[in-house]
Amino acid sequence: MATLVKDIDTVKKHATVNFNTNFNVLQPHIRQAERKHLKPAISKEQLQNLAAGNNTGKKLEVQELLEEASVNLALLRYSKTAIISIGNNGLLITTAANAKPAEWWQVRDLQRELYKSGTDAIDEALEIMEENTADFQEWQQSSSYTKFKELFTHTTASFQNWYNINNSRITFLQLRPHIKRTEDKYFKALLGQDTITQIKEASSDEEKEALKICQAAQTMLTIAEVADEGLFLLTKNGLMLMTDEVQGESKQGISTQEREHLKFKKQQDGNEYLKQLLKLLNSNLQTFSHFANKQKTEAIKTTYNKKSLLSI
């Protein structure tokens with residue numbers, strides 16, 4: 001598969017490297033960076049489309065941002081093995097007469113900056129794509145996009161509205177399985193699929209209000225789900241993605257006790273929003289007719305079961 005970054009001039013456009021840097025040395029890291037970070041974010045099809053070139057307008061803007069991401073994340077990968085060479089004599093460390101290897105903390109600081117620059121560029125590219133979906137048909141038709149449309153909380157902004165993830169679309173992408181889990185766990189049995197679909201397609205004021213409450217509940221319940229998982233770093237200011245890309249990076253978040261308290265609190269908050277949702281639906285049964293029918297069916301089943309028990 002063709003890569004976005006095809007030559008050393010593109011590398012030098014987005015990062016400072018030595019004048020004699022060999023593109024062939026960086027190329028494997030570019031392929032790996034694009035496969036690991038860009039392909040899941042925008043889909044293989046959209047990546048191939050952008051790599052084909054001849055882009056203009058918003059597509060060119062996104063292409064250049066993703067080139068920046070590719071270069072920085074490729075250099076990040078390269079930084080982990082830069083002084084090591086592999087040959088017939090095994091693993092060797094390369095040294096130069098008038099130079100010395102960077103200190104570990106210098107490497108850490110460089111890696112931190114490369115990672116931030118790369119992921120920030122992906123975030124900015126995704127923001128443009130979200131606002132101009134018609135220009136990115138391959139992405140819009142891919143699972144990278146559609147798998148979020150099936151959820152109540154289907155955009156970074158809708159999650160950020162209820163809990164701080166620093167507007168990070170990359171963090172939101174990683175939260176998706178947990179968001180999906182809350183929908184299966186809490187909403188399907190409570191509402192039924194017909195009502196879920198109705199709320200997601202919200203057109204009336206009541207449906208839009210129901211969607212807003214569902215997003216609030218889903219966000220709270222998602223935070224409760226991930227509070228005791230190691231993939232995310234929870235701080236007093238919000239949630240961010242845990243990464244091992246930066247060697248020696250400190251990963252200090254809230255304490256175990258604080259995580260347990262957060263889990264309990266967000267579970268409570270989520271349950272309160274679900275109560276608000278039921279109150280809204282029961283007050284507008286004409287609008288939410290599928291929910292009304294579900295309530296009637298369940299009431300009949302309950303009555304029938306009680307009669308069966310009494311007859312025994």
If we count other beta carbons within 10 Å of each Cβ, what is the order of 8, 223, fewest first? 8, 223
What FRET efficiency do you get for residue 150 and residue 259 if R0 is 30 Å and r is their Cβ-Cβ distance, rounded to the nearest 0.05? 0.55
Restricting to the chain, what percent of DSSP beta bridges are antiparallel, rounded to 5? 100 percent
Summing -39500 (n - 2.57) over every DSSP H run of at least 4 residues in the chain and dividing by its residue count gives a helix-only mean residue ellipticity at 222 nm, to the nearest 500 deg cm²/dmol, of -20000 deg cm²/dmol
Where in the chain are the DSSP H helices whose alpha-carbon span along the long axis reaches 20 Å or more and whose Kyte-Doolittle mean is at least -0.5? 57-79, 205-226
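Treating only the Cβ of Lys, Arg, Asp and Glu as charged (+1, +1, -1, -1), what charge dipole size does the chain show about its Cα centre? Round to the nearest 20 debye.
1060 debye
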Pairwise Cα inverse-distance average, inverted: Kirkwood Rh of region 150-294 (Å): 16.0 Å
Which order, highest average first, do 67-80, 197-210 follow once you tally other Cβ atoms within 10 Å for each residue and take the mean per peptide? 67-80, 197-210
So how compact is the chain: Cα radius of gyration and Dmax in angstrom? 24.9, 95
Residue 44 versus residue 233: modelled label distance in nm, points set 7 Å from Cα along the beta carbon direction: 3.2 nm
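Coordinate-derived values only; no laboratory data. Please read these numbers as outputs of a predicted model, since none were measured by experiment. Quick reminder, even Gly has a Cβ in these numbers, built from the backbone with ideal geometry, and neighbours come from all protein chains shown.
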